1. Only residues that are surrounded by fewer than 20 Cβ atoms within 10 Å (Cβ to Cβ) and touching a strand residue (DSSP E or B) at 6+ places or on another chain (Cβ under 9 Å): list them for the range 147-165, please.
2. Quick one: in the range 28-75, of everything that is in contact with a Phe, Trp or Tyr (Cβ under 6 Å, 6 or more places away or on another chain) and at pLDDT 95 or above, which residue is nearest to Phe143 (Cα to Cα)?
3. Out of all the residues in the range 145-162, which are touching a Ser or Thr at 6+ places or on another chain (Cβ under 8 Å) and in a strand (DSSP E or B)?
4. Let me spell it out: the conditions are (1) modelled with pLDDT of 95 or more; (2) closer than 26 Å to Met132 by Cβ; (3) surrounded by 14 or more Cβ atoms within 10 Å (Cβ to Cβ), and His87 meets all of them except one. Which number is the exception?
5. On the given criteria, is Ile230 modelled with pLDDT of 95 or more, buried (at least 19 other Cβ atoms within 10 Å of the Cβ) and touching a Gly at 6+ places or on another chain (Cβ under 6 Å)?
6. I'm trying to understand the selection: among the residues of the range 255-266, which are surrounded by fewer than 22 Cβ atoms within 10 Å (Cβ to Cβ) and not aliphatic (A, V, I, L, M)?
7. Inspect all residues belonging to the range 277-284 and state whether any of them is free of Cβ contacts under 8 Å to residues at least 60 places away in the same chain and surrounded by fewer than 16 Cβ atoms within 10 Å (Cβ to Cβ).
8. Test Tyr130 against the stated conditions and say whether it is crowded, with 16+ Cβ neighbours inside 10 Å and among the hydroxyl-bearing types (Ser, Thr, Tyr).
Amino acid sequence: MIDNILTGHHSEVLGVNKRNLDYIYPNNGRRYFSLVDEKLRTKEIAADLGVPVPRTYLTFKDFRELISFEDQIKAYENFVIKPNKGHGGHGILIIGDRTANGYLDVHENPLPFRKLKRQVSDILMGAYSYGMNDTAVIEERIFPSSFLMTLYPQGLADIRIISYMEQPIMGMLRIPTSLSEGKANLHQRGIGVGLDLSTGKTIHALYKGKSITKHPDTHQDLIDLELPFIKEILDICKIVAAKIPLKYLGFDLTLDEKIGPMLIEINARPGLEIQNVTQKGLLEVLKRV
């Protein structure tokens, strides 16, 4: 439903087929997809460029490594479990404070060690990576900046930037809700808030396919806010895009309370709902690049 907001502007809307045939296939060679599809490889590239990324604490590549899982995981207070080749935010588990029998999630629900181990096992079996065997990544939990905390405190909001030919061309904030369980992805009922990349100002918000002006849970105003560090965010996208032989990309970043802008991951096939969120067709912008 990429035209429910852009009614009357169909010539400006980028559809799935045109995106694939005119922009992804000619510009994103499949042999390079692993550079962004595998989060560990993406983090290596970014770290080599001096771009902040979440620290990797542990990786599990084989079921035999789970024998000492509980002892290894106890070394960390707060962390995130995610699949190395996951997509769409699936398979990510955000871990909060430790308890006698395990941990709590961001909503303070108990997460016993057996549940964490089962999550890692599912990742290894490829439950979140198209059925392919995968690596479970245990990485640093990002604590959001005060700006992101005002939007929604029980989860991590992020920033999606679409880049073409190494130039950022469109962006949005993605904000969790109570229905999205702390995740910012739009298809998991997060909120999309369009950005004016020249100023960092928020221009339009979309939730479950409808325009809104306030967060449904916190009642925080969402329009005409100014995203901090917009220049630094765009610079990160330009720096990393220049080093990756893929020319149509979706960058996901966030704002850490101490570090500032931090790259989370990159997508070689970014979705098209951003057009409804920003109320602007991608095709119109792409033709000008």
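The values are calculated or read from the model by the stated rules, or taken from the named source; none is laboratory data. Every value quoted in this text rests on a predicted model; they were computed, and no experiment measured them. A quick note on method: Cβ atoms are made from the backbone with ideal geometry, for glycine too, and the neighbour counts reach across all protein chains shown.
1. From the range 147-165, those surrounded by fewer than 20 Cβ atoms within 10 Å (Cβ to Cβ) are 147, 149-150, 153-154, 164-165; that's our starting set.
Selection gives Phe147, Pro153, Tyr164, Met165.
2. Initial filter on the range 28-75 (in contact with a Phe, Trp or Tyr (Cβ under 6 Å, 6 or more places away or on another chain)): 28, 57, 70.
The next check asks that each one be at pLDDT 95 or above; those that pass are 28, 57.
Working: Asn28: 33, Tyr57: 16 Å.
Out of the qualifying residues, it is Tyr57.
3. Answer for the range 145-162, where residues must be touching a Ser or Thr at 6+ places or on another chain (Cβ under 8 Å) and in a strand (DSSP E or B): Asp158, Ile159.
4. So the condition that His87 fails would be (1).
5. On the way: modelled with pLDDT of 95 or more: yes; buried (at least 19 other Cβ atoms within 10 Å of the Cβ): yes; touching a Gly at 6+ places or on another chain (Cβ under 6 Å): yes.
Here the answer is yes, as Ile230 does meet what is asked.
6. Correct list: Asp256, Glu257, Lys258, Gly260.
7. From the range 277-284, those free of Cβ contacts under 8 Å to residues at least 60 places away in the same chain are none; that's our starting set.
No - not one qualifying residue is present in the range 277-284.
8. On the way: crowded, with 16+ Cβ neighbours inside 10 Å: no; among the hydroxyl-bearing types (Ser, Thr, Tyr): yes.
No; evaluated as a whole, the condition is false for this residue.
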